[in-house]
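Take a look at the structure set out below.
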Amino acid sequence: MSRLGNLGARLYRGEVGYDFVGKRKLWYGISILITITAIVGLAVRGLNMGIEFKGGAVFTTPKTSVSVSQAQEYAQEATGHPAIVQKLGNDTLRIQVSELDTAEANQVGRQLAEDMDIPAGKINAELVGPSWGAQIANKAWTGLGVFMILVVIYLAIAFEWRMAVAALVALIHDITITVGVYALVGFEVTPGTVIGLLTILGYSLYDTVVVFDSLKEGTKDITKQTRWTYGEIANRSINSTLVRSINTTVVALLPVAGLLFIGGGFLGAGMLNDISLSLFVGLAAGAYSSIFIATPLVADLKEREPAIRALKKRVLAKREAAAARGDSAEDGDLEHHGEPRDAAPGEATAAGAVVGQRGRGRGRPSSGRRR
């Protein structure tokens, strides 16, 4: 078995682990800082909306020796607006200029033909109205709202309302960071970007639900035992699914990174940036939020319940009593005077959800000699 596989097995059994829930205030602080940076970037720089949302014209040239930088300079001089130029197959160019009407587009087309030494009839001009992009945006917002409502309803029924709230906060966290990165980087927002944003919601929710399912199994009849607090069981749930979350995220990020850095950056296929950046940032943010935000937030909300607070007091009191008697961590699995320990909640049904070092089973005699 590989080293990563061994680590995953040890995390699953609870032999090793990292205290994600115990350090939740640190993760909250990091997320707040990143979110504020994204919001400030969005407020200061704004989004670079594509021609589909602002309206304009797209000019497609035949095969030409004019470079991308020269064509961009010609277009900006002819229109007075920033131009986006992309090189297509067979040395043709796609010149995109926003905020042009029909008369202006015809004039710009003739000027470009003259500057680039191309017959005017060979340049294809296509007008794009802003209403089309507005319709896409409205439908996207409608779809996002319906998706959020359905997610909250499903998680509240399948799990509980606290998990639904935590998942909703994680989704808003992911969307805010992704949109903020677009504002800071200055990439153009196109319908492909909107598709990418809607796609990452499913990936983000998947990792979160995996941990929630483990937590649900692990906290069955939690108040009937005195070994673990709710926060500790939540932490074990994160650790038991950690390697799985990392593996699925890396596998999903690799092809997206290829599109973004190789296709969009190295090969210059700028149209791939529209969807690949939103997918890349959203997948990374979703993996982060499912581990560092969603489950710790559930633990915070759950530990406000009187029954869970009382459980925590009993667990800590029992540990203090064991420490006063000088019991070791291994002996702490047994109650005082040789009584068997409480079984961890969900231990019989979900071995991976709440796992600790294999202790002596219920009813099994202790190693001490009977007198």
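The values are calculated or read from the model by the stated rules, or taken from the named source; none is laboratory data. Since the structure is predicted, the reported quantities are computational estimates derived from the model, not experimental observations. Reconstructed Cβ throughout: ideal geometry from the backbone, glycine too, with neighbour counts over all protein chains shown. Surface areas here come from the heavy atoms of the whole protein model, side chains and all, with no ligands, DNA or RNA. Shrake-Rupley method; radii C 1.70, N 1.55, O 1.52, S 1.80 Å.
Around the Cα centre of the range 7-120, unit charges on the Cβ atoms of Lys, Arg, Asp and Glu (plus for the first two, minus for the last two) sum to a dipole of about 1060 debye.
Under the simplified labelling scheme, the residue 156-residue 99 pair shows an inter-label distance of 4.4 nm, with each label point 7 Å from Cα along Cα→Cβ. Approximating the spin labels as points 7 Å out from Cα along Cα→Cβ, the residue 49-to-residue 226 distance works out to 6.3 nm. Over all other residues within a Cβ to Cβ distance under 13 Å of residue 309, the charged ones net out to +2, with Lys and Arg as +1 and Asp and Glu as -1.
Residues with beta-carbon under 14 Å from that of residue 133, excluding residue 133: net charge, scoring Lys, Arg +1 and Asp, Glu -1? Net charge around residue 133: -2.
Excluding ligands, DNA and RNA, the accessible surface per residue across the range 176-271 is 41 Å² with a 1.4 Å probe. Normalised by 2.2 N^0.38 Å, where N is the number of residues, the C-alpha radius of gyration of the range 56-128 stands at 0.94. Here the accessible area is traced with a 1.4 Å probe on the protein chains. For the range 117-258, carbon and sulfur cover 68 percent of it. Which entries of 220/313; 216/318; 139/216 show an alpha-carbon separation above 26 angstrom in the structure shown? Among 220/313; 216/318; 139/216, the Cα-Cα distance tops 26 Å for 139/216. Sorting 62-70, 75-83, 291-299 by average packing, meaning the other beta carbons within 10 Å per residue, from highest down gives 291-299, 75-83, 62-70. Electrostatic bookkeeping for residue 283 treats Lys and Arg as +1 and Asp and Glu as -1; over the other residues with beta carbon under 10 Å from its beta carbon, the sum is -2.
Each Cα pair under 8 Å and six or more residues apart adds its separation to the average, and for the range 56-128 the resulting relative contact order is 44 percent. Subtracting the Cα-Cα distance of residue 28 and residue 138 from 0.36 nm times their residue separation leaves 36.4 nm of extension gain. Segment residue 126..residue 92, full-extension length gain: 10.7 nm, with 0.36 nm per residue of separation and the alpha-carbon distance subtracted.
In this rough spin-label picture, where each label sits 7 Å from Cα along the Cβ direction, the residue 303-residue 117 distance is 7.4 nm. With a cut-off of at most 13 other beta carbons within 10 Å, and DSSP calling the residue loop, which trypsin sites (Lys or Arg not before Pro) in the range 291-325 qualify? Please list them. Those that pass, being in a loop and sparsely packed, are 304.
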